[in-house]
Amino acid sequence: MLLGQLNGDVKTLVEVWPTENAWNDEAAEAFQAIEGSVQHLSGKRNRFTIDPQVMLKAQKDARDRHLDIIGIYHSHPDYPAVPSEFDRAIAWQQYSYIIVSVQQGLACDLRSWSLHDDGQFQPEEVLKVEASALGEFGTLSSSG
Ligand SMILES: [Zn+2]
């Protein structure tokens, strides 16, 4: 999960909040309607979900530090950094979705997307800011 600050249309990433991929048989069953004809892709490598309890904990953690959850990041193993139909189906409008394309184990592309009013993903501009520009929230890594 991505924790940060929200100012109008601009989201500032302050911290990455790692969490486990909670995808399991139960989740697969719950998402079956979305899966449709792509059941063969429904394993952990191709799907992700976040435990609702973990989500609540992250929300509380963020609030305590005057931050918001501004989005979710996940990777696409050997697949482009563009959202899948599954990604679109489970996306929330207020979040940014950063997707990292990992080709043969190496991260090679990073793109951010957000849901437009028409329910389709639109690419977002990603800007790098120096940690010092974030003042007291100087934890954003400017490397990479
Ligand atoms: Zn995806």
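Bear in mind these aren't lab numbers, they're just calculated from the coordinates by the rules spelled out. Please read these numbers as outputs of a predicted model, since none were measured by experiment. Here the Cβ positions follow ideal geometry from the backbone for every residue, glycine too, while neighbour counts run over all protein chains shown.
Tabulated data
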| item | result |
| --- | --- |
| Net charge over other residues, Cβ less than 12 angstrom from the Cβ of I69 (K, R count +1; D, E count -1) | +2 |
| Convex hull volume per residue in cubic angstrom - Cα atoms of the range 2-134 | 124 Å³ |
| Solution diffusion estimate, µm²/s, Stokes-Einstein, the range 54-124, Kirkwood Rh from C-alpha pairs, 25 °C, viscosity 0.890 mPa s | 187 µm²/s |
| Counting DSSP beta bridges with both ends in the range 66-117, the antiparallel % (nearest 5) | 55 percent |
| Under 19 Å from the Cα of K11 - aspartates and glutamates, other chains or at least 8 residues apart | D61, D64, D68, D117, E124, E125, E130, E136 |
| Net charge over other residues, Cβ less than 9 angstrom from the Cβ of L3 (K, R count +1; D, E count -1) | -2 |
